[in-house]
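The values are calculated or read from the model by the stated rules, or taken from the named source; none is laboratory data. Fair warning: this is a prediction, and the values are worked out from it, not measured in the lab. A quick note on method: Cβ atoms are made from the backbone with ideal geometry, for glycine too, and the neighbour counts reach across all protein chains shown.
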Amino acid sequence: MSQTQERPAAKSTTRANALVSFLVHAEPGAASTHRVEVASRLARDHGARLIGLGAEAFEPILTVDPFFGYAAAEWVTLVQEQIATSLKNAETAFRRDAAGADVEWRSVEDNPARALANAARAADVIVMSPKGKGGRSRTADPADVVMTSGRPVLMVPDSATHLHGKVVVVAWKDTREARRAVADAMPFLVATEEVIVQAICDEAEVAEATQQVEDVVAALKRHGVKARSSVSTAPSGAVTMELERVAAANQADLIVAGAYGHNRTSEWAFGGVTDDLLHRPECFVLLSH
């Protein structure tokens, strides 16, 4: 079961380095209020469309008992009715929390993380918050979405209501994921007042890291980005703390970073920094894989 309510397409215009659509998962009630309100403000700030997605999964019971099969059929009908009601309530909550934005609503009976990854083809950025307590059938795990969607995921901290983006910290590591993150973040970077390309490494790696971040800064400046380089040292277990210290010291409310992980028995395993930024963000974090 799926439903899409389209608004008439706006007149096509070309805006270089523009964000024109955000995607956010909406649950019924107040569960997603903070996330949707933040996404709505972002959409209004960027003159972009906000796509709300209602998604809830139904897992059928498998049985070989004929008698139980009759009861199960009634149970399936009841659960499907409950999901339909839940998705309708999610739409009501989304339209309330996204008031004032150019919105579009979609709903589907599916795992929320998988539904977000599928719907990501229609969006530039997916707006998420740390995983809720409703389980995989009702809440989306940002770990699944960032690794499978092919789109940048913007993590919303509980403590923030508005992404100003005047100062942005790019967490630099010379990897494919970090390069992808810089490219994905370009619409934010060209609009900001200052970008700090920050490498955090061991003492022995400072010279090499300095050359790398200076290359990145030079490339960003050619795009008109006001960027500068910074290198600091920290033990491996304190990288997140150092990254957040740099952000706080420079009054940055957005960190841009690559997401590093691999699938292990159907669960994503992450390094410490990625795990912290996904599940315990202290400020807004834009993650790309």
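Values for this structure:
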| item | result |
| --- | --- |
| Region 104-131, residues that are within 20 Å of L42 (Cα to Cα), of a type outside the set (S, T, Y) and not in a helix (DSSP H, G or I) | E104, W105, R106, A123, D124, V125, I126, V127, M128, P130 |
| Number of positions in region 170-197 that are under 22 Å from T210 (Cβ atoms) and among the hydroxyl-bearing types (S, T, Y) | 1 |
| Residue in region 75-93 that is under 28 Å from L277 (Cα atoms) and either of a type in the set (V, I, T) or in contact with a Leu (Cβ under 6 Å, 6 or more places away or on another chain) (or both) present | no |
| Unique match (being among the small types (G, A, S), outside the structural domain of H46 (by TED's automatic domain parsing), surrounded by 14 or more Cβ atoms within 10 Å (Cβ to Cβ) and in contact with a strand residue (DSSP E or B) (Cβ under 7 Å, 6 or more places away or on another chain)) among A185, A191 | A185 |
| Residue list for region 152-209, filter: of a type in the set (V, I, T) and within 10 Å of G258 (Cα to Cα) | V170, T175, V182 |
| Yes/no for V146 being buried (at least 16 other Cβ atoms within 10 Å of the Cβ) and modelled with pLDDT of 95 or more | no |
| Check on V216, surrounded by 14 or more Cβ atoms within 10 Å (Cβ to Cβ), in contact with a Ser or Thr (Cβ under 8 Å, 6 or more places away or on another chain) and free of Cβ contacts under 8 Å to residues at least 60 places away in the same chain | yes |
| Pair list, Cβ < 7 Å and 6+ apart or interchain, from region 229-252 residues that are exposed (fewer than 15 other Cβ atoms within 10 Å of the Cβ) to residues that are not hydrophobic (A, V, I, L, M, F, W, C) | G237/G272 |
| Meets criteria (in the same structural domain as H25 (by TED's automatic domain parsing) and within 20 Å of V20 (Cα to Cα)) for A122 | yes |
| Single residue of R44, R15, R35 found to be exposed (fewer than 15 other Cβ atoms within 10 Å of the Cβ) and at pLDDT 95 or above | R44 |
| Test: residue in region 99-117 that is modelled with pLDDT of 95 or more, aromatic (F, W, Y), crowded, with 23+ Cβ neighbours inside 10 Å and touching a Gly at 6+ places or on another chain (Cβ under 6 Å) | no |
| Any hit, region 48-68, residues being among the hydrophobic types (A, V, I, L, M, F, W, C), under 22 Å from the mean Cα position of the chain (by Cα), modelled with pLDDT of 75 or more and in a loop (DSSP other than H, G, I, E, B) | yes |
| Flag for K221 being surrounded by fewer than 21 Cβ atoms within 10 Å (Cβ to Cβ) and touching an Asp or Glu at 6+ places or on another chain (Cβ under 9 Å) | no |
| Candidate set from region 210-261 (those that are assigned to a helix (DSSP H, G or I) and among the small types (G, A, S)); member that is modelled with the lowest pLDDT | S236 |
